[in-house]
């Protein structure tokens, strides 16, 4: 894959954790949405890009998360307001 800014083929891929907040004061009550995409970075220009997974894209498009608990790569994520608590599955 080539960089869209500098056309370099020199690309690095990284795992990420992105917390997307809904904009505006009227959305402060809405919990943020966790997204865990692969991030492609050009070390030549610094240009970065990622694709939002379909399930998370649908939540963002709807304007409000519909689930408060989700399983991701063996972990359970429980969101309460702006804080998130991570617990391993099966742990007491």
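What follows draws every value from the coordinates through simple rules; no lab data is involved. Computed from a prediction, not measured in an experiment: that's the story for all the values here. Reconstructed Cβ throughout: ideal geometry from the backbone, glycine too, with neighbour counts over all protein chains shown.
FRET efficiency for the residue 18 to residue 45 pair, using the beta carbon distance and R₀ = 22 Å, is estimated at 0.60.
Could you list 59, 18 so that the one with the fewest beta carbons within 10 Å of its beta carbon is first and the one with the most is last? List each step's numbers first, then the result.
Values: 59 18, 18 14.
So the residues, fewest neighbours to most, are 18, 59.
Panel order for 54, 44, by other beta carbons found within 10 Å of each beta carbon, from fewest to most: 54, 44.
Put a dot 7 Å past the Cα of residue 54, heading toward its Cβ, do the same for residue 5, and the two dots end up 3.1 nm apart.
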